[in-house]
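Quick notes on the structure that follows.
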């Protein structure tokens with residue numbers, strides 16, 4: 001005698017629900033994930049769904065790719081076109097399966113088209129979430145089937161949805177992928193400011209300075225600019241990296257990882273803002289070249305930060321392939337803020353010429 005092969009699926013369960021019932025369903029999803037159940041839940045697979053034909057993809061998920069479909073029946077569920085699509089795909093599978101596949105959970109007393117009143121269901125109103133998860137686990141253990149073990153290939157998240165899925169799944173090296181994603185997303189949000197800076201554009205700030213006041217203004221601006229590289233150095237110190245990313249063999253802290261990335265891009269934004277404030281200030285024509293030369297001192301550090309983010313993200317996007325090849329990961333996160341000596345010399349010369357013109 002031979003044992004028939006066990007059918008393999010991509011998910012243990014696929015959750016079908018209306019958006020209005022998300023608060024309840026999300027609690028179930030989190031408990032299932034904590035118990036090691038592989039689930040199809042939209043927020044956990046946002047990156048996978050991005051750009052796909054959802055009509056076709058969802059039909060495949062609820063008809064072919066899960067061991068069970070758990071349907072959360074409510075007045076919202078029965079009225080939505082997308083949930084109707086998911087229900088019809090799940091019920092089509094249920095008609096051909098010998099074992100129960102379509103598992104309804106009632107959130108209220110709404111009648112679901114095509115669901116016979118004799119079908120057994122779980123009432124969410126009288127069943128605690130932990131108990132419902134226990135029942136799902138029992139169902140999985142009682143019906144033959146297994147889930148494919150191929151891990152999803154995660155790259156640097158470019159959207160909040162992809163970032164949410166990354167944190168939900170936490171694949172190998174997720175800490176670095178998260179760091180690169182927050183850096184990239186935050187910098188992208190500032191691209192309008194960067195384009196203004198490249199073109200030397202700045203709206204008027206409403207601040208006007210006499211010739212004597214300009215030198216104090218420039219000194220204060222230079223002091224503000226020096227704080228950016230210093231703060232970045234603190235954020236990328238070995239101590240800060242270990243606290244955020246974890247010691248070898250330990251998981252990282254996602255809140256600290258996001259915080260460090262936000263602070264690095266915050267220093268980048270501060271430099272953009274200082275340059276814009278310099279250009280937007282009202283000064284005499286004879287000192288405008290000094291103000292512009294001071295604003296241009298930001299060019300080099302800003303470019304260094306941009307290059308650091310681009311190079312890091314490009315490196316991190318190769319992580320899934322490197323892990324698949326069994327490579328030992330060595331990720332460099334060094335940002336060296338070198339001084340642009342030519343810009344400093346030009347600034348000093350322009351400043352000295354201005355002082356001579358004014359007899360200072």
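If I take all pairs of Cα atoms in the stretch 141-285, what percentage of them are more than 17 Å from each other? Show your work: numbers first, answer last.
Numbers: 7322 of 10440 pairs.
Taking all Cα-Cα pairs of the stretch 141-285, the fraction more than 17 Å apart is 70 percent.
So for each of 340-346, 323-329 I average, over its residues, the number of other beta carbons within 10 Å; can you give me the resulting order with the highest mean first?
Sorting 340-346, 323-329 by mean packing, highest first, produces 340-346, 323-329.
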- Message: Taking a ≥ b ≥ c as the square roots of the Cα gyration tensor eigenvalues, with a/c under 1.5 meaning rounded and otherwise prolate when a/b beats b/c, else oblate, which class fits the stretch 8-147?
- Response: rounded
- Query: For the chain, what size does the Cα cloud have along each of its three principal axes, sorted from largest down, in whole Å?
  - Reply: 100, 46, 33
- By counting other Cβ atoms within 10 Å of each Cβ, how are 288, 332 ranked from fewest to most? 332, 288
- Item | Model label zone, residue 160; criterion: amide N under 20 Å from point 7 Å along Cα-to-beta-carbon; scope the stretch 243-283 | 254-266
- The residues 96, 318, 127, sorted from fewest to most surrounding Cβ atoms within 10 Å, come out as 96, 318, 127
- Highest GNM mean-square fluctuation, the chain, Cα pairs closer than 10 Å: which of 42, 255, 299? 255
- Task: Mind ranking 234-247, 301-314 by how tightly packed they are, going by the mean number of other C-beta atoms within 10 angstrom, highest first?
- Result: 301-314, 234-247
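If we count other beta carbons within 10 Å of each Cβ, what is the order of 95, 88, 271, fewest first?
So the ranking, lowest neighbour count to highest, is 95, 88, 271.
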- Could you tell me how many degrees, from 0 to 90 and to the nearest 10, lie between the Cα long axis of helix 254-280 and the main elongation axis, the longest principal axis, of the Cα atoms of the chain? 40 degrees
- Message: Can you give me the C-alpha center-to-center distance between the stretch 57-119 and the stretch 276-318, rounded to a whole angstrom?
- Response: 56 Å
- Report, to the nearest 10°, how far helix 81-96 tilts away from the longest principal axis of the Cα atoms in the chain, using its own Cα long axis and a range of 0 to 90°. 40 degrees
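Any read-out appearing in this document is the output of simple, stated calculations on the displayed coordinates, not a laboratory observation. Given the structure is predicted, the values throughout are model-derived calculations rather than measurements. For neighbour counting, all protein chains shown are included, and Cβ atoms are generated from backbone atoms with ideal geometry for every residue, glycine included.
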